[in-house]
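Nothing in this text is a laboratory measurement; each read-out follows from the coordinates by a stated rule. Values in this document were obtained by computation on a predicted structure and should not be read as measured data.
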Amino acid sequence: MEVWVEFTDNNRRISPDSVEVHSGTLVQWRFKADSVAAKHLRWTVYFETGNPFRFSRDSAPDAIGRLEFASETLSSPDGQHVGVSTTVTADKPGHYKYGVRLEAVDDEEELGDEDPTLIVLAIAK
């Protein structure tokens, strides 16, 4: 499953905003920005209170832990930024609120922070 994160002229869009996948599905975020003055951007996907990934430290069902991973992009000659996150497997069923933050690296300015949802469904047996 690919989740698209787009930033153009101060408008942000995450598609789909609410992602629904079955347990075991590979998930990655693709990033694109146009009309951004910054040459160097950081895109961070973060989970504040639990996440559906088995590799993380909060593997206990009721554990609370923070997980984040970031990707950085440099603008192309036409001013566009394009990038992709790490690909992860959503293993643990549940509803997960997460964030996607965009920052200009050079001046440490936050350009946006959205809070979509990732829903992981158990596989029927």
Based on DSSP, what percent of beta bridges with both residues in the chain are antiparallel, to the nearest 5? 75 percent
Working only with C-alpha atoms, what are the Rg and Dmax values of the chain, expressed in angstrom? 15.1, 51
